[in-house]
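The values are calculated or read from the model by the stated rules, or taken from the named source; none is laboratory data. Keep in mind the model is a prediction, meaning the values are calculated, not measured. Positions of Cβ are generated from backbone atoms using ideal geometry, with glycine treated the same way; all protein chains shown enter the neighbour counts. Accessible surface areas use protein heavy atoms only, side chains included; no ligands, DNA or RNA. Shrake-Rupley method; radii C 1.70, N 1.55, O 1.52, S 1.80 Å.
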Amino acid sequence: MVLTFPFVAMKVDSFENIVTWRWDNVLYMGVGCFFISWLWRYLLQRKEFSKSDTTGKKNLIQQTWKDRLFSDPKVFCPVLIAAFCIASVFPFIFSPYQTTIMTTALIYVVLGLGLNIVVGLAGLLDLGYVAFYAVGAYSYALFNYYYGFGFWAILPVGAVLAGLCGVILGVPVLRLRGDYLAIVTLGFGEIIRLVLENWDDVTFGPQGIPNIPKPNFFGLEMDFQTVTLYMYFVVFAMTIFTIVVVRRLNNSRIGRAWIALREDEIACQAMGIDTTKTKLTAFGLGACWAGMMGVFFAAKNSFVNPHSFTFIQSAMILCIVVLGGMGSIIGAILAALILILLPEYLRAFSEYRMLIFGGIMIIMMVFRPEGLISNVRRKYELHEGEKH
Amino acid sequence: MQTILDVKQLTMDFGGLRAIDHVDLDIKQGEIVALIGPNGAGKTTFFNCITGIYKPTGGDVFIAPPDEKPKRINGKKPNQITVAGLARTFQNIRLFANMTVLENVMIGQHCRTHTGILGSIFKGKGVRAEERRVIDYSHMLLKKVGLDQYAHYLAKNLPYANQRRLEIARALATDPFLLLLDEPAAGMNPQETLELDQFITQIREEENVSILLIEHDMRLVMSISDRIFVVDYGKKIAQGTPAEIQNNENVIKAYLGEDIDDA
């Protein structure tokens, strides 16, 4: 209060050499600070309280409304169907502008789910994820420019190429863990970007590649609105595809091996899991989704240049995974929607939107460090009366 | 009786420090063998050498699974050694804390199953059957160790003694012929240690495994082991039945020290 006093309470008019005192501002500041700190303490206290509460009966499996939402099929299925319906009628209700924003958000949903495999499940901190995204985008742009291949032909190619890059990155970093791994992946991301920026003969450097065609629908010509609609449904289908695949992987033998790797590498190896193979599949499969979305991104924007693939993008995708909750699929989806849509809809507050955005992130991490939705492990049904 | 583990002249150097110095050890089918020694004698290092976490600098480790020819396994990776049939637990519990108890055991079955990426995605009939088999087998193991009512708890929420049991169940799930237990009774109270005693004998009978254990609890060691090996400063100083070890001068010296007059 004392420190900010000169800024808040005094207004110096240097032309007329007078000082205007603004005592009402001081009052607002004081009352505001009081209330915010009171709210802050109250929330922290509540968090502490709930924590001590759970440790008291930690052996009981808690059935909160959230657990019920995700584990009870009676509750979960209608929610799922409702979400599906809303998503499929979305572009018909809202304007093409909203649809485009939603398309971008869905791209990030898939990217978040892809990175979730690497970071959330296998526990390998990857700060260069956007490199695979770039590989996908440029594979479409370049194949199209030089050889004239279409979107659908390149979609799997982009995914496979990115997956290969993932494995190539994976091989030298097999021995690394944690911070060291993060630095190497960060470097890898930069390498890809710098190559794209400086290899003028092939990638046209920083100018990028324009006029990338949108995907066609059995050769039909489409006007702007239909294309927007079409793109939305393409990415929507891909999102569902990704969710199904990631969910199945998560609950499979492979997924369990990834989680075991995250939990304890030495024990994981001692239990007979080939950590080399497990890490490489995680890197490769994670990168696949980025490659696929890269192809889509190039088609959607019909223009790529290296500036779309900076570290900030990687950080953003990582934010999605961390904010959503490591390893949680629904968490990643929610977080992607929040992180991408929030800045868009906060445009009304234009100057303050990044401030609000940052504030929300900090508050989230203080009050829910495990993410929006922590990963609930699946409960396998057991056959009780069986004899062995 | 067939020898299933034969360690010959095993040596491990860390730079200039010789942690294990030409140690011989052998285990026969169905035996419970204990490896004891004062703190820092090199027992856990010995385990790590056998299970592939360290690569021994000298000597040979041969294993001979029942009905198979002896194989040399030093220098192989830990996961290959587990596949070959040696399973271990850890001195400081290393469970997969954020997985359920059941999943921890299911991980043990990883190296005995084959579902790949495509299989996991398409979930064909064979994959589902394999998954079912793994779940049932793991559940059966949990029943055996008395943890089945905790199957859906997260491993980190189990009481300490049960975490030890779960580690043993997880090791058993890899289908081993030799189980290596690193201080299974560490941190347990006398009652729990007593239960562990019965538990270990029970798994030997039921699972048809041999057991090599490191332990400091002498009552446990003397009551369950068939033979005991004693190491001190990386060297083997004695071997024999519990009765022989109890009266061995070298062992008493290593544990209690000796009179200055004698030296």
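Of note:
- Some residue of the stretch B:6-17 being among the small types (Gly, Ala, Ser) and open to solvent by less than 50 Å² (accessible area, probe 1.4 Å): no
- Here B:GLY15 passes the criteria (1) away from chain A (no Cβ under 14 Å); (2) touching a strand residue (DSSP E or B) at 6+ places or on another chain (Cβ under 9 Å) except the one numbered (2).
- Complete set of residues in the stretch B:84-103 that are without any contact (Cβ under 8 Å) to a residue 60 or more places away in the chain and under 26 Å from B:GLU131 (Cα atoms): B:ALA84, B:PHE96, B:ALA97, B:ASN98, B:MET99, B:THR100, B:LEU102, B:GLU103
- For the stretch A:3-39, the set of residues classified as closer than 30 Å to A:ILE363 by Cβ and open to solvent by 100 Å² or more (accessible area, probe 1.4 Å) consists of A:LEU3, A:PHE7, A:LEU27, A:TYR28, A:PHE34, A:PHE35, A:ILE36, A:TRP38, listed by residue number.
- Given (1) touching a Phe, Trp or Tyr at 6+ places or on another chain (Cβ under 6 Å); (2) of a type in the set (Val, Ile, Thr); (3) under 23 Å from A:LEU249 (Cβ atoms), number of the condition A:THR103 does not satisfy: (3)
- Filter result for B:THR193 (open to solvent by less than 30 Å² (accessible area, probe 1.4 Å), touching a helix residue (DSSP H, G or I) at 6+ places or on another chain (Cβ under 8 Å), over 21 Å from B:PHE47 (Cα atoms) and in a loop (DSSP other than H, G, I, E, B)): no
- Matching entry among B:ALA161, B:ALA171, B:ALA129 (being touching a strand residue (DSSP E or B) at 6+ places or on another chain (Cβ under 7 Å) and either in a helix (DSSP H, G or I) or farther than 18 Å from B:ASP197 by Cβ (or both)): B:ALA171
- Some residue of the stretch A:302-317 being open to solvent by 30 Å² or more (accessible area, probe 1.4 Å), within 27 Å of A:GLY150 (Cα to Cα) and aromatic (Phe, Trp, Tyr): yes
- Restricting the stretch B:89-104 to residues that are open to solvent by 30 Å² or more (accessible area, probe 1.4 Å) and not β-branched (Val, Ile, Thr), the residue that is nearest to the other protein chains (Cβ to nearest Cβ): B:ARG94
- Single residue of B:ASP136, B:ASP182, B:ASP148 found to be surrounded by fewer than 19 Cβ atoms within 10 Å (Cβ to Cβ) and at pLDDT 90 or above: B:ASP136
- Within the stretch B:62-79, residues that are at pLDDT 85 or above sit with their Cβ atoms under 6 Å from residues that are of a type in the set (Ser, Thr, Tyr), at 6+ positions apart or across chains, in these pairs: B:PRO78/B:THR51.
- Search result, residues across the stretch A:362-374 that are in a helix (DSSP H, G or I) and closer than 10 Å to A:VAL322 by Cβ: A:MET364, A:MET365
- Pairs where the first residue, in the stretch A:336-357, is closer than 13 Å to A:THR104 by Cβ and the second is part of a helix (DSSP H, G or I) and among the small types (Gly, Ala, Ser), C-beta under 6 Å, 6+ apart: A:ALA336/A:GLY112; A:LEU337/A:ALA105; A:ILE340/A:ALA105; A:LEU341/A:ALA105
- Scanning the stretch B:113-126 for residues that are within 9 Å of another protein chain (Cβ to nearest Cβ), part of a helix (DSSP H, G or I) and either in contact with a Ser or Thr (Cβ under 9 Å, 6 or more places away or on another chain) or under 24 Å from B:THR82 (Cα atoms) (or both) gives B:ILE117, B:GLY119, B:SER120, B:ILE121.
Residue-wise test of (1) within 19 Å of the chain's Cα centre (by Cα); (2) assigned to a helix (DSSP H, G or I); (3) within 14 Å of chain B (Cβ to nearest Cβ); (4) not hydrophobic (A, V, I, L, M, F, W, C).
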position: A:MET231; (1), (2), (3), (4): no, yes, no, no
position: A:VAL245; (1), (2), (3), (4): yes, yes, yes, no
position: A:ALA257; (1), (2), (3), (4): no, yes, yes, no
position: A:PHE283; (1), (2), (3), (4): yes, yes, yes, no
position: A:ALA287; (1), (2), (3), (4): yes, yes, yes, no
position: A:ALA290; (1), (2), (3), (4): yes, yes, no, no
position: A:GLY294; (1), (2), (3), (4): yes, yes, no, yes
position: A:ALA298; (1), (2), (3), (4): yes, yes, no, no
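Residue by residue, here is whether (1) at the interface with another protein chain (Cβ under 8 Å from one of its Cβ atoms); (2) assigned to a loop (DSSP other than H, G, I, E, B) holds:
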residue: B:PRO56; (1), (2): no, yes
residue: B:GLY59; (1), (2): no, no
residue: B:ASN79; (1), (2): yes, no
residue: B:MET106; (1), (2): yes, no
residue: B:HIS110; (1), (2): yes, no
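- Within the stretch A:134-154, restricting attention to residues that are open to solvent by less than 40 Å² (accessible area, probe 1.4 Å) and small (Gly, Ala, Ser), the residue that is modelled with the lowest pLDDT is A:GLY150.
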